[in-house]
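Written below as structure tokens is the structure these notes are about.
The values are calculated or read from the model by the stated rules, or taken from the named source; none is laboratory data. Nothing here was measured: the structure is a model prediction, and the numbers come from that model. Note that each Cβ is placed from the backbone with ideal geometry, even for glycine, and that neighbours are counted across all protein chains shown. The protein model used for the area step is the full one, side chains on, heavy atoms only, and it has no ligands, DNA or RNA in it. Shrake-Rupley method; radii C 1.70, N 1.55, O 1.52, S 1.80 Å.
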Amino acid sequence: MLTYNSTSEKSMAPPFFLLLLSLVLIPTSVVVGLQHLHEEDGFISVVISDKGLDFAKQFLIEQAIASIVPYQLSDIEKKVNVPLIGKAQVILSEITIKDIKINASSVNTGESSIVLIVSGATADLTMNWRYNARTSLVPIGISDSGTATVKVEDLQVGLTVNLRNQEGTLELILLDYGCKVGDLSIKLSGGAAWLYQVILDVFEGNIASAVEEAISKKISEGITQLDTLLQSLPKTVSLDKTAVLNVSFVGNPVLTNSSIELEINGLFTGTSGILVPQTYHRGSEISVPRPGSPRMIEISVHENVLKSAFSVYFTADSMQWIIDELPDQALLNTAEWRFIVPQLYKQYPNADMNINVSISSAPVIQVTNKNIEAAIIVDVIINVLEAGEVIPVVCISVEISASVDVEIAKSNIAGRLALDKFSIYLKWSKIGKLHIQMIQSVVSSVLKTVIIPFLNSQLKRGIPLPMLNGFALQNAGTLYTHPWVTVSTDVAFLGHSYLRQKTAYDVL
């Protein structure tokens with residue numbers, strides 16, 4: 001069993017998944033606040049392609065229709081002169097949009113705006129009608145009522161928006177919008193012959209205007225809701241009691257004719273606000289080969305994201321744990337070591353032991369074109385447990401060379417560690433000189449059966465990628481191009497509207 005050193009203030013869940021996903025640790029210093037970070041660089045880049053924009057367009061249209069249907073318009077009332085009848089008061093009530101169908105839609109991006117156009121749409125309406133008329137022939141008046149259906153055709157809807165960084169969040173600005181009804185037809189149920197022509201001649205324009213105003217109003221309300229959602233996105237996400245991920249946006253989104261690129265700060269800091277790494281610089285721009293069919297989104301994570309994570313946890317002294325159970329439990333008793341390290345058994349016969357494992361210095365990790373290569377130095381201290389006392393007797397330094405393959409687990413970027421090779425040397429001993437070659441097999445067994453599987457269990461937890469609630473990654477693939485790890489992925493909607501979510505990021 002692995003337990004954490006109870007003498008450490010940071011004895012909670014350790015961040016070893018960050019250790020092996022992180023890249024070269026740079027020296028750290030204790031500073032206050034975030035002002036010392038390079039504010040112009042974003043270390044997580046999100047590029048939404050044409051395919052992603054089309055998915056977003058379709059989703060937003062479906063959400064817009066769901067918010068409109070059914071929608072009741074205001075009553076329309078008019079007095080008209082009818083030949084042979086005289087003056088009649090005609091009232092259209094409970095005018096309700098029952099259905100909207102989209103024939104074609106498009107989304108276009110430019111340097112300064114995003115344009116969404118819906119064309120050739122149709123809408124079905126129902127309504128009630130009634131009239132009162134008074135003639136010289138029938139002084140007591142006549143009246144009638146009934147129902148009608150309306151078919152709106154060639155409905156055109158358009159809106160133009162822009163995205164702007166507003167103190168680390170995104171502001172959605174509605175630049176222009178509108179709705180135009182091309183044609184409509186009315187079918188009456190009941191009523192006199194003259195009534196159809198009156199409604200067609202007098203009320204057609206009013207019905208068209210009411211539909212246009214209702215849809216335009218819904219567009220404005222929908223953009224306001226979406227803007228509220230974007231500005232409610234958290235600027236930080238807490239992973240645990242030690243580390244916080246800065247997910248604030250950096251700079252304005254970059255709009256091209258085929259994509260939208262967003263940059264996120266992406267660096268980790270300590271929850272105390274003082275464990276902040278020195279300045280990180282992003283360096284070269286992203287250049288990622290894109291084999292195969294395009295995906296909706298590319299999320300590129302710079303190695304400095306992982307450097308900053310390791311820096312925070314390493315500075316917080318969270319990189320150590322105690323091993324007090326092994327698959328071969330006999331190894332944790334000095335009797336099993338009597339032929340390997342005779343003096344240990346001679347000085348402490350049949351005594352139980354545990355093993356204290358800690359990261360002793362900054363690992364050297366580098367992204368290659370195939371994976372992430374790691375060189376890690378671990379101190380392994382063998383403790384003898386005697387009369388309720390923990391007695392450190394030997395410290396062995398283990399230099400580990402390993403590789404990490406990045407994996408996508410749900411909406412997290414995770415990984416799997418493979419041991420390439422290791423070497424050991426004696427750091428200090430309280431029981432005399434040791435034959436290192438004799439204990440190398442024991443260290444190998446501990447590495448392969450306990451430490452590597454444990455580290456992989458932590459790597460599986462991963463680091464959360466920026467995703468909205470209600471969405472999941474699909475068909476994700478990973479590419480390595482120093483200094484970036486890029487996830488190319490499609491997005492699937494899980495079935496509940498993110499507009500109703502209070503927490504915008506899906507963090508596990």
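Computed from backbone phi with θ = phi - 60° and the Karplus coefficients 6.51, -1.76 and 1.60, the 3J(HN,Hα) list for the stretch 62-79 is 4, 5, 5, 4, 4, 7, 8, 8, x, 9, 9, 8, 5, 5, 10, 9, 8, 9 Hz; x is used for glycine and proline. Taking 7 Å steps out from each Cα toward its Cβ at residue 421 and residue 117 produces label points 6.3 nm apart. Each residue of the stretch 373-383 is assigned a 3J(HN,Hα), and the resulting list reads 9, 10, 10, 10, 9, 10, 8, 10, 9, 8, 10 Hz, derived from the Karplus form 6.51 cos²θ - 1.76 cosθ + 1.60 (θ = phi - 60°), x at Gly and Pro.
Between residue 240 and any residue 5 or more places off or on another chain, the built amide H atoms are never under 5 Å apart.
Residue 365 sits among other residues whose Cβ lies under 12 Å from its own Cβ, and their net charge, with Lys and Arg +1 and Asp and Glu -1, is -1. The dipole here belongs to the stretch 58-210: it is taken about the Cα centre, uses +1 on the Cβ of Lys and Arg and -1 on the Cβ of Asp and Glu, and is about 660 debye. Within the set of other residues whose C-beta is less than 11 Å from the C-beta of residue 172, count the net charge using Lys and Arg as +1 and Asp and Glu as -1. Computed value for this residue: -1. When you filter the GluC sites (Glu not before Pro) in the stretch 303-411 for DSSP loop state and at most 16 other Cβ atoms inside 10 Å of their Cβ, you are left with 325. Whole-Hz Karplus values for the stretch 442-458 come out as 5, 4, 4, 5, 5, 4, 6, 9, 10, 5, 5, x, 5, 4, 5, 5, 6 Hz, taken residue by residue from phi with 6.51 cos²θ - 1.76 cosθ + 1.60 and θ = phi - 60°; glycine and proline positions read x. A convex hull fitted around the alpha carbon atoms of the stretch 90-163 yields 129 Å³ per residue.
For the stretch 406-466, a crude dipole built from +1 on the beta carbon of Lys and Arg and -1 on the beta carbon of Asp and Glu, taken about the Cα centre, is about 160 debye to the nearest 20. Note on the stretch 150-224: Kirkwood radius taken over Cα pairs, Stokes-Einstein applied at 25 °C and 0.890 mPa s, translational D equal to 166 µm² s⁻¹. Its residue count N fixes a reference of 2.2 N^0.38 Å for the stretch 99-251, and the Cα radius of gyration divided by that reference is 1.62.
Just to be sure I follow: if Rg is taken over the C-alpha atoms of the stretch 299-392 and Rh is the Kirkwood radius over the same atoms, what is Rg/Rh?
1.15
When the surface is traced with a 1.4 Å probe over the full set of protein chains, residue 171 keeps roughly 40 Å² accessible. Taken along its principal axes, the alpha carbon cloud of the stretch 347-483 reaches lengths of 60, 32, 22 Å, longest axis first.
Distant-in-sequence amide contacts of residue 182, defined by a placed amide H-H separation under 5 Å and a gap of 5 or more residues or a different chain, comprise 153, 155, 156. Given the pairs 87/187; 57/78; 78/180, which are separated by over 31 angstrom at their Cα positions? Violating the 31 Å limit, Cα to Cα: 57/78.
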